[in-house]
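**Q** Right, I'll just put the structure down here and ask away after.
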Amino acid sequence: MSQANVVVTPEPNVLVETSHDLPLVAVSVALRMGALEDPPDAEGSVRLLGRLMRRSAGGRSAEANDALIEGMGAALGADVTQSTVSFHGSVITRSLDRFGEFLIDALARPALPEDELARLKRETFAELMETLDDDRSLARRWFRKTIFAGHPYGRSAGGTKAGIEHATLDGLRALYRRLVVPENLVIALAGDVTPERAARFATDLASALQRGERLVDRTPEPTVRPGRHLVVVDKPERTQTQIIIGGLGSHAADPDHFALSVANTAFGGTFTARLMHEVRVKRGWSYGAYSSLPFDRRRQAFSMWTFPKASDAAACITLELEMLEKLRRDGLTKSELSWAKRYLIRSHAFAIDTAAKRVGLKLDSTLYDLPAGYFENYTENLRAVTLEQANQALRERLSDENLLVTLVGTEAVVGKDVREAIPRLASSDVVRYDAE
């Protein structure tokens with residue numbers, strides 16, 4: 001089926017993609033706001049709320065709810081990003097009505113008990129401790145925290161130890177009343193379901209909620225500090241490093257968004273791109289070397305990611321900075337542009353090959369306020385990108401001067417060499433890996 005078969009009904013906001021190939025229905029119930037609503041001193045509260053709602057649905061225990069979901073032949077998870085909260089899962093067709101009742105219990109009738117919150121806090125503390133063992137997660141967290149310093153995007157949706165400690169049941173209940181209203185709801189169903197049944201499912205769910213006001217995302221556009229800056233996340237006994245280098249990237253509404261996306265793909269978006277060839281194939285410094293260009297409602301960061309051993313970290317950083325300078329100065333070649341466009345156009349087929357994926361794109365389009373026709377016209381927009389547009393987008397959107405270099409490694413081993421490897425370094429900070 002093509003994306004043109006996605007049905008959008010006006011009230012409540014429900015997206016439907018029908019496919020009777022299997023007796024399964026994929027269900028997503030999303031809220032238009034997420035961790036951006038965390039109280040300033042209670043980072044991670046929205047994530048706690050989402051998980052607590054799922055666990056205490058209908059006033060039952062977490063164990064009883066798990067058994068109910070399993071007995072339906074279903075699965076259900078709760079995810080939180082900066083901009084959204086989503087309850088997503090799948091269920092066999094014959095249990096769809098029961099699954100809908102469970103979701104009503106989770107969204108409209110959660111108990112939100114104190115003892116379950118205490119247990120959830122303990123589990124979250126343990127998860128936060130586990131992330132300290134994941135160097136890549138540490139690098140990502142400190143990159144976002146630093147490049148978006150003072151901006152809501154710099155905060156962690158997963159929370160911090162201090163934020164989780166400060167979260168209270170009264171605070172979560174206040175968040176619940178503000179967030180979980182039909183005006184913030186977007187519902188997507190895909191698979192063995194008709195538009196009429198999906199509309200009833202959505203209406204029943206929305207009708208069970210107390211009405212409120214639709215929240216508006218008033219997050220300002222992020223900015224970055226001028227100059228080149230380094231943050232070394234000091235972790236003992238590291239023989240390998242994790243390195244993220246980046247600055248401000250693209251916004252889906254930019255007129256050159258697709259041109260920059262094609263250029264990023266050619267530079268570092270695949271296993272055969274320029275960055276991988278130089279870092280891994282020619283020099284063997286890192287098993288992987290990629291660049292990314294995500295989107296949200298506000299501008300996100302462009303970044304390059306590598307993970308060389310400590311002895312190669314300084315040279316790898318120097319090379320990446322030189323490659324970025326050359327990319328902006330000289331641009332892509334015709335063959336790189338053609339290859340990147342072919343790759344993106346062909347791989348898009350795998351993004352729409354199931355009903356769940358197709359309705360998922362429509363859901364993203366709605367939640368993130370993407371330009372009209374963003375996914376429907378995706379391949380046509382890619383085909384239209386010219387070499388001149390791609391290279392101009394590189395020059396205008398990316399910077400090789402206003403950059404943050406984040407490195408997880410052992411300061412005593414790599415710090416001096418890394419600082420010397422970054423020309424025109426404006427500032428350098430060292431933070432403990434277990435700092436918040």
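Laboratory data are not the source of any read-out in this text; all were calculated from the coordinates shown. Here the structure is a predicted model, which means the values were calculated and not measured. So basically every Cβ, Gly included, is an ideal-geometry build from the backbone, and we count neighbours across all protein chains shown.
**Q** Using a cut-off of 11 Å between beta-carbons, work out the net charge of the residues near ARG329 (Lys and Arg +1, Asp and Glu -1, ARG329 not included).
**A** The answer is -1.
**Q** Right, something else. When the C-alpha atoms of region 3-207 are aligned to their principal axes, what extent does each axis show, in angstrom, from largest down?
**A** 46, 38, 31
**Q** Expressed in nm², what is the orientationally averaged projection area of the convex hull enclosing the Cα positions of region 266-359?
**A** The directionally averaged projection comes out at 7.9 nm².
**Q** With n ≥ 4 as the cut-off for DSSP H runs, can you work out [θ] at 222 nm for the chain, using -39500 (n - 2.57) per run divided by the number of residues, rounded to the nearest 500?
**A** Mean residue ellipticity, 222 nm, calculated: -13000 deg cm²/dmol.
**Q** Please determine, in degrees from 0 to 90 and to the nearest 10, the orientation of helix 387-397 with respect to the longest principal axis defined by the Cα atoms of the chain, where the helix direction is its Cα long axis.
**A** Once rounded, the angle reads 90 degrees.
**Q** Report, to the nearest 10°, how far helix 355-367 tilts away from the longest principal axis of the Cα atoms in the chain, using its own Cα long axis and a range of 0 to 90°.
**A** Approximately 80 degrees, to the nearest 10.
**Q** If you count the DSSP beta bridges with both ends in region 228-432, what percent of them are antiparallel, to the nearest 5?
**A** Counting DSSP beta bridges with both partners in region 228-432, the antiparallel share is about 55 percent.
**Q** Take peptides 119-131, 227-239, 398-410 and line them up by average Cβ neighbours within 10 Å, highest first, as a rough protection proxy.
**A** Sorting 119-131, 227-239, 398-410 by mean packing, highest first, produces 398-410, 227-239, 119-131.
**Q** Please give the charge dipole size of the chain, origin at the Cα centre, charges +1 on K and R Cβ atoms and -1 on D and E Cβ atoms. Round to the nearest 20 debye.
**A** That gives the chain a dipole magnitude of about 700 debye.
**Q** Please report the antiparallel percentage of DSSP beta bridges with both residues in the chain, rounded to the nearest 5.
**A** 70 percent
**Q** Summing Lys, Arg as +1 and Asp, Glu as -1, what charge do residues with Cβ under 15 Å from the Cβ of ASP369 carry, ASP369 excluded?
**A** Charge balance in the 15 Å sphere: +2.
**Q** Mind ordering 147-158, 325-336 by average Cβ neighbours within 10 Å, highest first?
**A** 147-158, 325-336
**Q** How do LYS416, LYS341, LYS309 line up, fewest other C-beta atoms within 10 Å first?
**A** Ranking LYS416, LYS341, LYS309 by Cβ neighbours within 10 Å, fewest first, gives LYS416, LYS309, LYS341.
**Q** Fewest first, what order do TRP305, TRP339 take by the number of other Cβ atoms within 10 Å?
**A** TRP339, TRP305
**Q** What's the ranking of 367-379, 273-285 by average number of surrounding C-beta atoms within 10 Å, highest first?
**A** 273-285, 367-379
**Q** Which angle between 0 and 90 degrees, to the nearest 10, do you get for helix 96-108 versus the longest principal axis of the chain when only C-alpha atoms count?
**A** Around 80 degrees separate the two axes.
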